[in-house]
Amino acid sequence: CAFPRTPKAARARQRGGVVVGPTWIWECQRAGRRLSCGPYLLDGSASSGSDGEEPEDAPPPSCPSPEAKKGAGPPHL
């Protein structure tokens with residue numbers, strides 16, 4: 001997601017998904033593996049014009065591990 005406050009991002013969160021910035025995709029590709037999404041999460045509290053940074057006092061988000069998602073198909077939107 002480019003911005004944390006979009007209808008699509010809100011819908012993904014409501015359905016239990018996590019919303020990450022596009023940098024996560026590029027870093028996973030560069031590393032050749034799926035990285036932890038924690039550092040790339042967009043928390044939705046920033047304005048839609050922000051660059052996706054989380055507030056410094058935000059609690060650390062939980063990110064599902066790749067193993068936890070195995071066998072589960074992508075959510076249908």
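The values are calculated or read from the model by the stated rules, or taken from the named source; none is laboratory data. If you're wondering where the values come from, they're calculated on a predicted model, not measured in any experiment. Positions of Cβ are generated from backbone atoms using ideal geometry, with glycine treated the same way; all protein chains shown enter the neighbour counts. Surface accessibility is based on the protein's heavy atoms, side chains included, excluding ligands, DNA and RNA. Shrake-Rupley method; radii C 1.70, N 1.55, O 1.52, S 1.80 Å.
Numbers at a glance
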quantity: Subset of region 26-44 [open to solvent by 90 Å² or more (accessible area, probe 1.4 Å), at pLDDT 95 or above and in a helix (DSSP H, G or I)]; calculated: 26, 29, 30
quantity: Contacts under 7 angstrom Cβ, first residue in region 1-22 being open to solvent by less than 30 Å² (accessible area, probe 1.4 Å), partner basic (Lys, Arg) and assigned to a helix (DSSP H, G or I), 6 or more apart; calculated: 19/13
